[in-house]
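Contents: one structure, followed by commentary.
Derivation of every value follows stated rules applied to the coordinates shown; laboratory data play no part. Keep in mind that what you see is a predicted model, and the values were worked out from it rather than measured.
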Amino acid sequence: MMATAVAVAFILFSCKGKLAEADALDLSSVPLQTIDNMFAVQTKNGVVLMRMEADLMERYENDTVSRETFPKGMAVYSYTDEGLLETTIFSDDAMHETYKDKDDETWAAFGNVVIQNVIKREVMETDTLYWDRATGEIFTDCYIRMYSPDGFMQGYGMRSDDHARNSTILRPFNSFGVVVQDSTVVMIDSVNFIGPFPKK
């Protein structure tokens, strides 16, 4: 009888110790989901509008927010309604947060962010970029530089639609433009070009 009481006491003590360890865990710091080589596509009527790629995605949850992080970087490709590649965004790190108590979400890209409008041949480089999905706007308040056929611009802060069609640097400085361009130069969209040139 004494041995049984000791055994029961040991089991209760052992379980109590494990429960205390479980209570001490911060589950919000542990990813609930991990995806390697993530690939997501958004389509409309069979036409690809956007695709996103990431080597690693980790999803975290707490009472107020659901957070997805992309610690190995992210690549986003946006297409025109006709299916032509128009915009690419690359970054070293990224994060997506969805708030549970309100209909709101935040997308952010960090570290060596490169935004390229393939069709306009414009490239922007910055350190941090945000995307407001509700308004369809990308923006930053950080230092940014832009290279285009019209010249070079740099400054602080940028606002644009999410296809980088109409990018505006808010506080430019030490920029220069091309005043005269060679109108006989033929530009080819090598990314979206399909097939040989037609015979004349």
Legend entry - Centroid-to-centroid separation of the range 87-111 and the range 31-51 [C-alpha atoms, Å]: 14
Legend entry - Whole-Hz ³J(HN,Hα) from phi, Karplus 6.51 cos²θ - 1.76 cosθ + 1.60, for the range 69-75, glycine and proline x: 10, 10, x, 9, x, 8, 10
Inset, instruction - Report, ordered by chain and residue number, the aspartates and glutamates lying within cross-link reach of residue 120, taken as a straight Cα distance under 20 Å and ignoring same-chain residues fewer than 8 apart. - result: 81, 82, 86, 137, 150, 161, 162, 182, 189
Legend entry - Per-residue HN-Hα couplings for the range 127-143 [Karplus 6.51, -1.76, 1.60; θ = phi - 60°; Hz; x = Gly/Pro]: 9, 9, 9, 10, 10, 9, 5, 5, 9, x, 10, 10, 7, 8, 10, 7, 4
Legend entry - Relative contact order %, the range 30-139, counting alpha carbon pairs below 8 Å whose residues are six or more apart: 17
Legend entry - Amide H contacts of residue 94 (H built 1.01 Å from N, under 5 Å, at least 5 apart or other chain): 70, 73, 110
